[in-house]
Each structure stands twice: as C-alpha cells, then as structure tokens.
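Report on the structure given below.
The values are calculated or read from the model by the stated rules, or taken from the named source; none is laboratory data. Note that the structure is predicted; figures quoted are calculated from it, not measured. Here the Cβ positions follow ideal geometry from the backbone for every residue, glycine too, while neighbour counts run over all protein chains shown.
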C-alpha cells in the first residue's frame, strides 16, 4: 500500500526530490497509470499516464486523461478478473491480475497489472496507481506449451488404446488359433515332441500372463535364444531334453543357463533357476 509520509521525520539527506520521483515514473519502461478514487461507473477517471502506457496501448496521454480505464476492455476481457479487481479495490487491498485488453488499433494484448491504493496522511484512499506489463509473448508461449502437452496426452492415450488392442488380438489368437493347433499336434507327436509342445503351449500362455510383464518390468536383455531356453527351463525341462529339442550341445545349454542367471542378477549359486523363473 502506498502512503504519503511526513519527510520531516527523516533526515533531510534521505528525502527524495519530487521532481526526481516524477522523472522516475515518467521515464519508466513500465506502463504506469493513476486514477482517482471513484470506483463506480463512469469512474474511476485517469489523471495521469506515463509514456510507457502510450507505447503499450497506442493512446497518447491527452486521449485518455479524464476517461475510465474501462475503455481498454473488450469482448474477450475476463469478467471474473474484473470482478475480483473491484472487490480488492473496495477493500483497499492490492490487486494482481491478468486479462486481455485492447490497443488503440483494436488488437488484443495480455495485460498483467498491479494496482495499489494511494492514501493520504489520514489513511483515506485518494487515488489508485496501476503498473502494467504487456505479457502477450509469455502467454502465447504458455498456450503453445499447453497445446503441445494436450497433443502429447492425446498421443499417449491413443498409444494405450493401440496397446490394449494388440494385447486383445494376441490373446484372441493364442486362445482361439494357436493353442487348439498345438493340442492337435500333441496327439501325433513322440513323447519328447509332446513335452516340447507343452513348453510351447505354456510359452504362448505366458504372452497373456504376468511372466512376460515381469520380464519387461525387469528390463531383462535376453537374446531370443535365451528367452526360448528360459521358457523351456521354466516348464521343467532338463538340459538334456532341451539339447534334444533344440539340437544343440549340452555345453551350449549350460552357457545359456549361465548367461540367463547373470542377466537375471542371480548371484547366489544355491538359487534354483527353474524355481526362480516360475516365480516371475
């Protein structure tokens, strides 16, 4: 709140010359506007504007002195902001706000302003001073960011929809096509073929279960072959059986086992790999 103080109370060396103070206001880059204390329409009335106001709005001082600042408002000026402004001034409070105003040429700009009451020595409000800034560039940037954020949210929502569709399609194909086909093959195969088919069947079920999700969440960087071996181990097949199914050597299977344990972070040699995989 701005007040007039009796400078006689202070040492003269701290007194500010009125001409100096007027020069500071006049040459300020900010738009500064002073009105009387008449809040009811057609007031308040402008009693002073500095060149910064003219630069921001396009109106010269002689065009606005004696008018109400309401002439700067227009169709897109937020009524709620103006209502809040009125309530603050009626209570003698400081106001901060932003709203769209209009220049002399009719173009819109975002006005951010700070209004304080000026009081006399008896504490009575005599005037209001408004310090204004054109923040159009900042608001435009904020709106552009918000639009990009909204577009990004829409893209992410669409990705989630597509992911669900893919998951549903995979589940449908596994349940309706692949699993029935494997059941037919099981009836014709050897004992080892049947165990391999059982492992494949379980692997397909894992696609729609928590196993695949758990692997993804742990960000396991298993190679395609390691994934195949891990699923066979998970389904209880021995290294010898895996060798026969995949037609690879026992040494190769053991190498895959060691790599899988390392990538899974299994340090303790006592941890059973089959049990661990089944717990995922």
| Flag if residue 193 is out of contact with any helix residue (DSSP H, G or I) (no Cβ under 9 Å at 6 or more places or on another chain), at pLDDT 70 or above and loosely packed, with under 14 Cβ neighbours inside 10 Å | no
| query | Which strands (runs of 3 or more DSSP E) does segment 88-178 wholly contain that include 3 or more residues that are over 33 Å from the mean Cα position of the chain (by Cα)? | reply | 108-119, 125-134
| message | Of all residues being out of contact with any helix residue (DSSP H, G or I) (no Cβ under 7 Å at 6 or more places or on another chain) and over 19 Å from residue 81 (Cβ atoms) in segment 60-70, which is surrounded by the most Cβ atoms within 10 Å (Cβ to Cβ)? Just the residue, please. | response | 64
| said: Every residue in segment 71-95 that is surrounded by 13 or more Cβ atoms within 10 Å (Cβ to Cβ) and without any contact (Cβ under 8 Å) to a residue 24 or more places away in the chain, please. | reply: 71, 78, 81, 82, 84, 95
| field | In segment 249-270, residue nearest to residue 222 (Cα to Cα) [restricted to those that are outside any helix (DSSP H, G or I) and in contact with a helix residue (DSSP H, G or I) (Cβ under 8 Å, 6 or more places away or on another chain)] | value | 266
| request: Please enumerate the residues belonging to segment 226-271 that are over 49 Å from the mean Cα position of the chain (by Cα), surrounded by fewer than 16 Cβ atoms within 10 Å (Cβ to Cβ) and in contact (Cβ under 8 Å) with a residue 24 or more places away in the chain. | output: 244
